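Taking it in order: structure first as structure tokens, then the write-up.
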Amino acid sequence: MPFTGHLEELRSCLIISFVVVAITFLISFGFVEAIFSFLTAPLRSVRAPGLTLIGTGVSEAFFTKLKVAFIASFFLSSPVLLWQAWRFVAPGLYEHEKRYARRFVLFGTLFFLLGAWFCYEVIFKVGYGFLLRRYQAIDVRPAIRIGEYLSFSSNLLLAFGVIFELPVLAFFLTRIGLIDHRFLIRQFRYAILLIFLVAAILTPPEILSQILLALPLTLLYGASILVSYLAGTKDRE
């Protein structure tokens, strides 16, 4: 495709993605109270004496609802967003490479939701439990601002969802010949540095939170090396 063709394709993908996110946002806003209860359940389940969720601004409750609806809409529209990403990349691929489209969208969505589930069920429960019990150790009652909690939690959910795409991307890029397992092994040191940098950006300045994010990311990078090796083995056969 010519350059203007790629720009037109990008415009089309962005418009479709925006419309789908807007529709799912409106749907999510109708169930925002239930979604809010779901997102705050890991925090409320922690046995920390005096734990309360607070709001410190007149408009904070309204903007909290908007934020919750947007988080939910992003997860609901993830299959369409992945499909639009594929549509934009597809013109640069050979015909035999385009047959991976359905698998890319299917497994991309599955691993994205799996990453968010792992964050919700494991990271939230372990991390929040440890962090909030530190208040008890210094005899302080925790009062958590709901806006800060949702920002921190949504960043972690999205980060784990995106990072869990690593094995899918490794398989796809290996199958089209852009990388192999040897390349990933050679970049391992740089990958570890980048992982801990991302963990430091997305988590509070507290070592346990950073380790809770960095360790699964490191394991996923190792899984990506294995996936790349298996995909490359199939090509060699």
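A short reminder: the numbers here are calculations on the coordinates, not readings from a lab. No experiment lies behind these values; they were computed from the predicted model shown. Don't worry about glycine lacking a Cβ; one is built from the backbone with ideal geometry, like all the others, and counts go over all protein chains shown.
Side notes on the structure shown:
- The candidate values were [x] 17.1; [y] 23.0; [z] 20.0; the one computed from these coordinates for Kirkwood radius over Cα pairs in Å carries the label [z].
- Nearest-ten-degree value, helix 188-202 long axis tilted from longest Cα axis of the chain: 40 degrees
- Folded to 0 to 90 degrees: helix 124-137 orientation relative to the chain principal axis, Cα: 30 degrees
- Values of log10 I(q)/I(0), in the order q = 0.13, 0.14, 0.22 Å⁻¹, for the range 113-237 under a Debye, Cα-only, solvent-free model: -0.60, -0.67, -1.24
- Note that the range 146-156 has calculated 3J(HN,Hα) couplings of 5, x, 5, 4, 5, 4, 5, 5, 5, 4, 5 Hz, one per residue in order, obtained from phi through the Karplus relation 6.51 cos²θ - 1.76 cosθ + 1.60 (θ = phi - 60°); glycine and proline are x.
- Residues C13, C119, ranked from the fewest to the most other C-beta atoms within 10 Å, line up as C13, C119.
- Cα principal axis extents for the range 36-87, largest first, Å: 51, 28, 12
- For I225, I35, order by how many other beta-carbon atoms lie within 10 Å, fewest first: I35, I225
- Spin-label pair R87/A22, simplified geometry with 7 Å Cα→Cβ offset, distance in nm: 1.5 nm
- Rg/Rh for the range 32-147 (Cα atoms only, Rh after Kirkwood) is 1.15.
- Axis of helix 3-29 versus longest Cα principal axis of the chain: the two differ by about 30°, to the nearest ten degrees.
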